[in-house]
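These notes concern the structure reproduced below.
The values are calculated or read from the model by the stated rules, or taken from the named source; none is laboratory data. Just so it is clear, the model here is predicted, and its values are computed rather than measured. Counting neighbours? That spans all protein chains shown, and the Cβs are built from the backbone with ideal geometry, glycine included. Heavy atoms of the whole protein, side chains included, go into the accessibility calculation; ligands, DNA and RNA do not. Shrake-Rupley method; radii C 1.70, N 1.55, O 1.52, S 1.80 Å.
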Amino acid sequence: MALATLTEHKVWDRTTRIFHWINLLAMLVLIACGVALLNAKALGATNDGKILLKTIHVYAGYVFAINLAWRLVWAFVGGPFARWRSLLPFGKGYMAALKSYVSGEKTSYLGHNPLGRMAVTLLLIALTVQAVTGLVLAGTDIYYPPFGGMILEWIAAPGVDPSTIVPYDRSLVNPEAYEDMRAFRSDFLFTHENNFYVILTLVVLHIAAVVWTDNRHGGGIISAMFTGRKALSEKPEDAID
Ligand code: HEM
């Protein structure tokens with residue numbers, strides 16, 4: 001049996017690869033702290049323990065949110081396979097490409113295959129929702145930037161210097177404003193918590209799909225996220241040279 005000749009192609013630029021691995025590391029910390037927060041009572045966490053967990057979660061959240069924001073900007077200015085055109089599941093020829101990918105007819109892709117484009121778009125939306133709701137929660141829970149200052153001004157009792165208010169101490173807050181602020185944040189908490197389960201589902205699907213695609217169609221797509229290169233035996237559908 002003749003062995004297929006593999007040709008190496010450049011695909012993921014350095015920024016995309018760095019984003020991917022920082023995102024993974026930040027998410028591991030965020031998920032670990034998130035799970036601990038969800039089970040804080042069962043774990044017997046004290047108030048101080050909870051504040052510490054939240055603080056670590058928020059610092060990891062800043063890394064995650066800045067990294068994600070940079071990736072969203074990179075989709076406008078980065079390499080051809082990092083751009084929206086190669087990410088979003090629509091545009092010229094997308095439906096035809098999806099049909100022939102699903103039917104097993106044309107499966108060689110350098111960038112994301114048509115199903116991968118759906119998955120990546122869903123992931124980016126879910127991660128953005130998590131970052132935005134997380135930043136609001138950081139402001140309304142432990143008064144951290146970027147919204148913490150505004151929240152403190154909202155809830156400070158008349159004549160109180162907002163910067164003297166500490167998390168969970170209600171002695172210096174205006175009770176009515178505090179209740180309004182808690183009501184305002186509840187939808188964000190609901191979304192942050194439920195979107196967490198959506199993210200976990202998408203992450204499991206993402207890993208399963210990557211492993212399946214690599215086994216089935218090859219290309220070394222897992223190592224490509226380290227090296228930036230894929231090795232393909234056929235000319236990819238989305239070749240640019
Ligand atoms: C993939 C990213 C993230 C995941 C998976 C995640 C997950 C979670 C989970 C499971 C909780 C527990 C919810 C609860 O106690 O009901 C939580 C709470 C929290 N998260 Fe995140 N989070 C992420 C990103 C962020 C970001 C970017 C920030 C802000 C910088 C943030 C700030 C917070 C805060 C302040 C809380 C405490 C909310 C409260 O108990 O009032 N999170 N997160």
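Here are some notes:
- Ellipticity at 222 nm from helices only: DSSP H runs of n ≥ 4 in the chain, each -39500 (n - 2.57), divided by the residue count, give -22000 deg cm²/dmol.
- Estimated distance in nm for a label pair at L25 and H206, the labels positioned 7 Å out from Cα along Cα-to-Cβ: 1.7
- Set of lysines with alpha-carbon distance to K235 below 25 Å, sequence-local pairs under 8 removed: K10, K92, K99, K106
- Ordered from highest to lowest accessible area with the whole protein assembly present and a 1.4 Å probe, T140, T191, T55 read as T191, T55, T140.
- Accessible heavy-atom area order of V160, V35, V11, highest first, probe of 1.4 Å: V35, V160, V11
- From phi via Karplus (6.51, -1.76, 1.60), per-residue ³J(HN,Hα) for segment 179-194 in Hz, x at Gly/Pro: 4, 4, 5, 5, 5, 4, 7, 5, 5, 5, 5, 4, 5, 4, 5, 6
- The chain: equivalent-ellipsoid semi-axes (sqrt of 5 x gyration tensor eigenvalues, Cα, Å): 45, 17, 15
- Taking all protein chains together and rolling a 1.4 Å probe, L43 ends up with roughly 120 Å² accessible.
- Interchain or long-range residues, amide H under 5 Å from A156's placed H: N174
- Karplus 3J(HN,Hα) series, Hz, for segment 119-128 with 6.51 cos²θ - 1.76 cosθ + 1.60 (x for Gly, Pro): 5, 5, 5, 4, 4, 5, 5, 4, 5, 5
- Across segment 1-79, C-alpha contacts under 8 Å between residues 6 or more apart give a mean separation that, scaled by the residue count, equals a relative contact order of 45 percent.
- Note: relative contact order over the chain, using C-alpha pairs below 8 Å and six or more positions apart, is 27 percent.
- In order along segment 226-238, the phi-based Karplus estimate (6.51 cos²θ - 1.76 cosθ + 1.60, θ = phi - 60°) of 3J(HN,Hα) comes to 9, 8, x, 10, 10, 10, 10, 8, 10, 6, x, 4, 9 Hz; Gly and Pro are listed as x.
- The chain, accessible area per residue, ligands and nucleic acids excluded (1.4 Å, Å²): 58
- Accessible surface ranking that places the most exposed of T133, T201 first, with a 1.4 angstrom probe: T201, T133
- Accessible surface of segment 14-232, 1.4 Å probe, proportion on carbon and sulfur as whole %: 68
- Amide H contacts for V11 (H built 1.01 Å from N in the peptide plane; partners 5 or more residues away or on another chain; cut-off under 5 Å): R229, K230.
- Radius, Kirkwood style, for segment 96-205 when every pair of distinct Cα atoms is counted (Å): 16.8
- Computed E for K235/A32 - FRET, C-beta separation, R0 41 angstrom, nearest 0.05: 0.45
- Loop-located trypsin sites (Lys or Arg not before Pro) in segment 48-112 (DSSP state not H, G, I, E or B) with no more than 14 neighbouring Cβ atoms inside 10 Å: K92.
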